[in-house]
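Take a look at the structure below.
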C-alpha cells in the first residue's frame, strides 16, 4: 500500500508538471485547418467493407489500423480547435457589451463543448476499433456537428466583424 | 559525531525554512487582502489566512511539547477541511461557466470522491496494525485524507485537459500550489507512518522536504496571484498555400 500511495503522489507531481507545460503551449495555440471532405472519406464504411472483402484479413486489418491512426489525428485536431474556440468564445463573452454577441458566443461555447465531448467519445471508439479491428464503431456524428460549429463561428464573426476568416480556416 | 552534526544542521534548516514560510505566508495574506481576493476566492482566502495564523501560533507554542502537539494537529485538521473547500471552489470556478459540462463533471466529481474515500479507507485499514501510538494513528488519518485531496486535484487537472478547458491565472496557480504541497505531504506522511522512531535524520530530512514544498507552494500562489492575466492570443490564420500543401499530403496518404 505504501508503494501505491507514493506512486499516486508521484503521478500527481507529473500531472501537475504536464499541466504547466500544456498551459504554456495553449497560450500560443492557434486554430489549425481540418479537411472535412478527407475526414468524411476516412470514415466511410463502404470503403472499409470493400477493402475487407478484397484484401486478406490481416492486410485489411493493418490498413484499417492505419486509417484509424489518421482519423485519430483529425479527431485530435478537431478537439484542439474546439478547445481554442471555447477559449475564444469565453473571451468574447466576457468582453462583449452587446447581448447579441454574448448570446452568439454562448452558443458557440456550448457547441464547442459538445464537440469536445464527442471527440472524447470518438477517440474512445477509435482506440477500441484499433485494438479490435473487427469492431465497427464509427464517430460519424462528429462531422455534421463540426460543420455546425463552423456556422456558429461564422455567425459570431459576422456580429463582431473581426473573426470573419476564422470559419473559413477551421 | 558527524551524524549528530548533520542532524543539528537539519533541525536548524527546518527552523529557517519555517520562519521563511511564515514571512511568505504574511506576504501572501497581504496580497490576498490587498487584491480583495475573498470576493472571488473566499475559501482560499480563509485557508491562507488561517494557515498563517495557525502557523504563527504553533511557532510560538513550540517550546511546550504538549501544547505544540495539540495545536499542530488541530490546525492541521482545520487546514485539511479548508483544503477540500479550496478544491471545490476551484472545481466550481472551472466548470460553472460551462453549463453543458457542469452536470457531467459534477457527477464524475462525486463518484471520484466516493472512489477516493474507498482508497483512503483501505489505506487506514491496511496500515492500522503499524499504528501502535496515537501519533501514528493521526499520521495515517492525515495520509488517508491527503489521498482524497491529491486524487481530487488530479481529477481537476485531468478533467480540464480532457474537456479542453482554459484555466484562469489565479485558479491555475491556487490548484497547482495546493497540488504540489499536498502531493509532497502525502508521500512524506506515508513514509513517516512506516517509521518507528520520530527522531533522527530521515525524519528531519522529511521535515526539510515538507517545508521546502510548502514554501514553494507559497511562491507559486504569490507568483500566479501577482502576475497579470494572460490575454487570449489572437487567432493566427494559416496561409492558404500551407493549407493546400497539408490537404494535398493527407489526400495522397488516404488515397494510397
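With neighbours defined as other Cβ atoms within 10 Å of a residue's Cβ, the residues B:148, B:19, B:209 order from fewest to most as B:19, B:209, B:148.
The residue A:100 and residue B:92 beta-carbon pair, evaluated with R₀ = 35 Å, returns a calculated FRET efficiency of approximately 0.80. Between residue B:35 and residue B:56, the FRET efficiency from the beta-carbon distance, with R0 = 22 Å, is close to 0.55. How high is the FRET efficiency from residue A:49 to residue A:127, r the C-beta distance, R0 22 Å, rounded to 0.05? Calculated value: 0.55. Label-to-label distance, residue B:108 versus residue A:62, with points set 7 angstrom from Cα along the beta-carbon direction: 3.7 nm. Peptide A:33-44 is shielded by partner chain Cβ atoms: per residue, an average of 3 of them sit within 10 Å of its Cβ.
Potential lengthening of the chain between residue A:40 and residue A:91 amounts to 15.2 nm, from the contour at 0.36 nm per residue minus the alpha-carbon distance. Using C-alpha pairs below 8 Å separated by at least 6 residues, the relative contact order for segment B:17-174 is 20 percent.
Taking 0.36 nm per residue of separation and subtracting the Cα-Cα distance, what length does fully extending residue B:209 through residue B:169 add? Fully extending the segment from residue B:209 to residue B:169 adds 11.7 nm. The label-point distance for residue B:9 and residue B:67, in a model that sets each label 7 Å from Cα toward Cβ, rounds to 3.4 nm.
FYI, it's all coordinate maths here, none of it is from the lab. None of these values were measured; they are calculated from a predicted model. All Cβ positions, glycine included, derive from the backbone under ideal geometry; neighbour counts span all protein chains shown.
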